[in-house]
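K.L.:
Following this message is one structure expressed as structure tokens.
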Amino acid sequence: MHVTFILFLAWIGMMSWRGGNGMSSAVEDVLFICTLFACVVLHELGHALTARRYGIMTRDITLLPIGGIARLDRMPDDPKQELWVALAGPAVNVVIAALLFLVNGITTSLFSIGDPESIFTGSFVNRVAGVNLWLVVFNMLPAFPMDGGRVLRALLAIRIDYTRATRLAATIGQLMALGFGLIGLFGIPALGIQPHTMLVLIAVFVWLGAAQEAGMVQMRHSLSGIPVSRAMVTEFHTLRPEDTLSDAVELTLKGTQRDFPVMNGDQVAGVLRQSDMLATLAKQGPQVRVGDVMQTDFQVVQSSEMLDAAFRRLSECRCNTAPVSFQGRLVGMVTMDNIGEFLAIQGALGRPRRIS
């Protein structure tokens, strides 16, 4: 639960109370938002449980004021699997709304489908049912990062190349974002639609989400077919577990290396990350042993692996550096930074990629 979500709840309660509706109304509004986000959690669990069926684990679900984010280890490689994972979340909201309609009576609840204002004026159950239906509508917009964008990409990827499908889906999403932005700024007077700041915010959110998704897929495509050995760092320093942080500081100041493999003989025992080194220096000083600070849960990449696989592994573990091994020997290091530099150089040279 992100701290901004707690602040959002406090803001909702304060605004309701200051609006002159009294404490009971403020409590009811906060309870409504909590119930809404419980539905969002169930939505994200729908994605997570469907992904687990295909062997993909979910690292966590974070609640933000704009909704929930389920962080999967990876997206499915099979477009049909991605389709089912994307549809699972909205399907949960459909089920919740249907159950609430049955509980409260269909005839008294269907007005929530076509009237967004009813979310703020109807009974508590009607409001929750109505907002679930609007969550379905919003999430199924064919634009990243909404579920509808992933559904569109999956349907396109069944027919065409995955990268091309992503670019096409991202373009459609950005065109939709442009439309939202224009309507949010100027409205549509002929239809009685007034300008609205929320549409502008949605437009920015969709535009950035589409650009980020297209960029990530394009990067993975650009890295495919290139072995790690072509991009790895081969000039680097190592440390031993018995070395101190003062030794690590000295090596850091002598060059540009940020993270250090920690060697126990010929074997990599861990990785000393710069962030861990700085945090420990501030709290305990430079005489702490490297072995007490190093990360022992780290990724080891084989020099024959492809860069796209290495990039995905670094992204999944949220680590910046991985030692590179060849026949059990440490032969290099691969980092997010040097992968980016490799791509920039390849782009500047404009040369075709070759496996070597």
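The values are calculated or read from the model by the stated rules, or taken from the named source; none is laboratory data. Since we're looking at a predicted model, the values are computed, not measured. In this analysis, Cβ positions are derived from the backbone assuming ideal geometry, glycine residues included, and neighbour counts consider all displayed protein chains.
K.L.:
Which number in (1) part of a helix (DSSP H, G or I); (2) over 22 Å from residue 139 (Cβ atoms); (3) of a type in the set (Gly, Ala, Ser) marks the one condition that residue 225 misses?
P.N.:
(1) is the only condition that residue 225 fails.
K.L.:
Condition test on residue 204, is it touching a Ser or Thr at 6+ places or on another chain (Cβ under 6 Å) and among the β-branched types (Val, Ile, Thr)?
P.N.:
no
K.L.:
Taking the condition in contact with a His (Cβ under 6 Å, 6 or more places away or on another chain) and either at pLDDT 90 or above or within 20 Å of residue 235 (Cβ to Cβ) (or both), does residue 251 pass?
P.N.:
Yes; evaluated as a whole, the condition is true for this residue.
K.L.:
Working carefully through the options 218, 194, find the one that is closer than 30 Å to residue 345 by Cα and assigned by TED's automatic domain parsing to the domain that holds residue 76.
P.N.:
Exactly one residue qualifies, and that residue is 218.
K.L.:
Give the residue, chosen from 274, 284, that is in contact with a Lys or Arg (Cβ under 6 Å, 6 or more places away or on another chain), at pLDDT 85 or above and assigned by TED's automatic domain parsing to the domain that holds residue 243.
P.N.:
274
K.L.:
Also, I was wondering about something else. Tally up the residues in region 268-283 that are closer than 16 Å to residue 322 by Cβ and either touching a residue at least 12 places away in the same chain (Cβ under 8 Å) or surrounded by 17 or more Cβ atoms within 10 Å (Cβ to Cβ) (or both), please.
P.N.:
8
K.L.:
If you scan region 28-55, which residues turn out to be surrounded by 19 or more Cβ atoms within 10 Å (Cβ to Cβ) and farther than 25 Å from residue 202 by Cα?
P.N.:
Once the filter is applied, which keeps residues that are surrounded by 19 or more Cβ atoms within 10 Å (Cβ to Cβ) and farther than 25 Å from residue 202 by Cα, region 28-55 yields 50, 51.
K.L.:
Sticking with this structure for a sec: Identify all residues within region 129-147 that are in contact (Cβ under 8 Å) with a residue 60 or more places away in the chain and within 17 Å of residue 205 (Cβ to Cβ); write none if there are none.
P.N.:
135, 139, 141, 143, 144, 145, 146, 147 - these are the residues of region 129-147 that are in contact (Cβ under 8 Å) with a residue 60 or more places away in the chain and within 17 Å of residue 205 (Cβ to Cβ).
K.L.:
Would you mind finding the one in 232, 176 that is in contact with a strand residue (DSSP E or B) (Cβ under 7 Å, 6 or more places away or on another chain) and surrounded by 14 or more Cβ atoms within 10 Å (Cβ to Cβ)?
P.N.:
232
K.L.:
Looking only at region 183-200, how many residues end up being without any contact (Cβ under 8 Å) to a residue 12 or more places away in the chain and assigned to a helix (DSSP H, G or I)?
P.N.:
Residues that pass the stated criteria total 4.
K.L.:
I've got another one for you. Kindly provide the set of residues from region 278-315 that are among the small types (Gly, Ala, Ser) and part of a loop (DSSP other than H, G, I, E, B), ordered by number.
P.N.:
Hits for region 278-315 are 285, 303, 304.
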